[in-house]
1. Kindly work out what percent of the DSSP beta bridges joining two residues of segment 5-276 are antiparallel, to the nearest 5.
2. Which net charge results when you count Lys and Arg as +1 and Asp and Glu as -1 among the other residues whose beta-carbon is under 15 Å from that of residue 682?
3. Tell me which residues come under 5 Å, amide H to amide H, from residue 21 once H is placed; ignore anything under 5 positions away on its chain.
4. Using each residue's phi in segment 49-66, evaluate 6.51 cos²θ - 1.76 cosθ + 1.60 at θ = phi - 60° and report the 3J(HN,Hα) Karplus result to the nearest Hz, with x for Gly and Pro.
5. Starting from the 7 Å offset along Cα-to-Cβ, what nm value, one decimal, do you get for the label separation of residue 210 and residue 529?
6. Could you sort 140-153, 355-368 so that the peptide with the highest average Cβ count within 10 Å comes first and the rest follow in order?
7. Where both residues lie in segment 11-113, what percent of DSSP beta bridges are antiparallel, nearest 5?
8. Quick one: what are the phi-derived ³J(HN,Hα) couplings along segment 369-385, Karplus 6.51/-1.76/1.60 with θ = phi - 60°, whole Hz, x for glycine and proline?
Amino acid sequence: MNQGQWLDPGHARYSRRPYQIWQPPGCLMHEYKERELTACFQSKRLVFIGDSTIRQIFWATAKKLDEDGANDDMGVARKHSDLTFTRNGVGLEFIWDPYLNSSRLHEELKAYQNTTHVPTKKDGDRGGSASLILVGGGLWFARHVHVNTLKVFRDSVDRIIPYMNPPVEAPTAASRPFVQNRASENLLLMAPVQVPQYDFLSPSRSETITAEKVDAMNDYLRHLSTFQEADVVWSFSLMTWKQRVAYEQSGLHVVDNVAGRKADVLLNLRCNAEAALGIGGQGYPYDRTCCSNYRRPGWVQWTGLIGTLMILPFLVWITRTEADRKRIRLLPSSRALRALLVFLLAIVYCFYADRTHVFEKVHKRRSAKEFVILSGVSLLLGLLSVRRSASLMPISGSRELKAPDQPFLSRYQTDEWKGWMQFGILIYHYAGASKILWIYIVVRLLVASYLFMTGFGHTVYFYSTGDYSLRRVTGVLIRLNLLNCVLPYMMRTDYLFYYFAPLVSFWFIVIYLTMRVGHNRNGSLRFICSKIAISAVLTTAFTRTPGPLEAVFTITRYACRLHWDVKEWRFRVSLDMLIVYVGMLAAILFVKISTFSRSRRIDSMMKHQYFYYIKLILPFVSLVVFYIFATACSTITDKYDYNWFHPYISFFPIVAFAILRNSHRHLRNFHSSIFAWLGRCSLETFTLQFHIWMAGDTNGLLSLGMFHGWRNGKWYNFLVVTAVFFYISWRVARATEVLTQWIVRSEEGRSGGQEGLLMGKRDQGEQKEKLELPLRKSHDSGRQILTTTGGLGHGDTGKWEIRRISVTHWKWLLTRVWRCENITTRLGVLTVAMWFLNVTYT
């Protein structure tokens, strides 16, 4: 309410449309729209009282409800008269009262006093008071009151200020919308006197409206706000301070963008607390952190916080060695426990970074210049880290060393490709460049590149190995989704919010089913190409035809309480519908050529100079075709138009790059180590960026709040936050690999599971246990006996032995279930646990 600055002031160095991003200190201010205003006020009134400067804020608020209707009403409205504007049950009223002494003003103040100062009133009983009252004036005092201007102004203001202060016996928290995380109460606010741009004033106005009068009136308001706690919105004055471009030609009124941000300040003051509580169904994203607390943690979040910060570190400490761990059979290995601790600590850090006020959140500054600069720095770092892809190997029968030739799209290449692709996506999100068409096209190609590699890599694996086992499929899906499945419980989001892992998982399942059906005949090129074509048709029909997706999402909503946005998911899947199948065809072609190239004739043909020229010409032809489609088509004016063409043209530059990248031996055998490192943790960086690099669920940027007094403090903050972000992403990626191995393969279970148990034989690769109890020693005889659930012990200690057997049995049974190595059982346990969390979590 009192501070802030423009991130895009009216200077030539900033955007062509300035005054759109007002930054209060350390928090995100939301730009309210019609639906959100209706949810906030719900048949309540907003009253604006004062002169033409307040009327401008009234019209700015009306435009948020209905811009076309407000513009029409402005054209026929009389200047010095009361105005009303109603849409969707929300009523706006403007009372023309430049001297702040009308009877209407007194009536509104009395109604506000009756509502706010009576503690017995219920929350929903507003007693006729407006939900928000803004009072302001002063320029008419300077213009028309020539004697004792300041005294007349003070007398008018002094009649208003007492209504702002509740009586001593009333709780002071009731008049504040951001205390104790409760819904907002009615607000009575006062605007400072609008400081005009004196150079723009007409001669008649400049004679009477002087800086001396205006400053004296604002000094008195500042005195009241300091010593009598009057609620004066001083940020209105900061919006025009030293901002000549912020004024219209009259010098009295501000441009529409500034008026709109003034309205946003009022609406954030009044509505943000309700939005944080989820009133009106807003929920995430949490992009309105000013004047509002976050929601209190639920039982799932408290369990995660206590377990991660207290219980799990204790378990890691008591199992420092494998010998210590074996004493507690229910615990996994020390390596798995440490990985679990790292993984959950990252989740907790996300919570404190983006769901509390520990860190500051600031708005993005949409800048193509920042995108280009950061991309150039990343490219330079990538080039400086170019290394040979594999170590030199001795040539048989010689002392000379030779570098092995890497295959087409080797692991080094794909990791590097994912890395610089991830750099581009991160910078794109950080710079907020989604509205710049050429940058949007580049980023859409980067996402399509990842899906191309998904289709290529998984198809090569399935085709070459024939491994369609449940363990393989489960391992891939858990590796892709472990972070995405756990994070929503702590952040109160949902699985599809982090859309990249769900998208890759969806296409992995499509690839698996396509290759699995009739896999015995995959050696036939005609058969496998027909399968791919049929899969493309069926998947396209399933996702784009209205009905099937809606049915699936309805079932998940009622069965598992998963409220997913079917429209958003259809958009994500349809946007890159064909590129995965291009990757699959490229994989089949690669495997076939690799098989045939063992022939000397094919080998010599591929080394022929004409084939070398074809490898160079084909990519350039593809790039030219893409350029013609993407730029020469007159219908592409924004990103929404491009989205229609993207599925059909994205494969041209991607295939061209893949061919060029492998067209020469040196290009194949060298890679950038920095890009490859980032590529190995690209899934984690994409997901974690939502909360620990950016903030407000990517709507803002995370700020440490440490470099305000430093020159170039923004870039110091960027370097520190980015370093922490990359380090956590790398550690989470390694931890996820260990946890995936523990969940799916369970080497730890096999190594320690035989101790103390009578184990059975291995049946079809799965280790089975006989349903027997452990061998124990009886206390009254030194002999070892085999006890059963209903049997007696030795001698006269039979009753005590039965109770001991029962406890031992349940302990053994719990150990057997927990350490079960059957992958189907483990999946069942995980599925039931997630279902229980979904249906009980709010």
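Values quoted throughout were computed directly from the atomic coordinates according to the rules given, and no laboratory measurement underlies them. Everything quoted here is computed from the prediction, not taken from an experiment. Because the Cβ atoms are built from the backbone with ideal geometry, glycine has one as well, and the counts that use them run over all protein chains shown.
1. Values: 8 of 24 bridges.
Expressed as a percentage, antiparallel bridges in segment 5-276 total about 35.
2. Details: positive: 411, 418, 479, 680, 731, 734; negative: 415, 416, 684, 737.
Summing Lys and Arg as +1 and Asp and Glu as -1 gives +2.
3. Those qualifying (amide H under 5 Å, at least 5 residues apart or on another chain) are 7, 8.
4. The phi angles translate into 10, x, 9, 5, 5, 6, 4, 5, 5, 4, 5, 4, 5, 4, 5, 6, 7, 7 Hz.
5. Modelled inter-label distance: 9.0 nm.
6. Top to bottom by mean Cβ count within 10 Å: 355-368, 140-153.
7. Antiparallel bridges: around 45 percent, rounded to the nearest 5.
8. Residue by residue, segment 369-385 yields 5, 4, 4, 5, 5, 5, 5, x, 5, 5, 4, 4, 4, x, 5, 5, 9 Hz.
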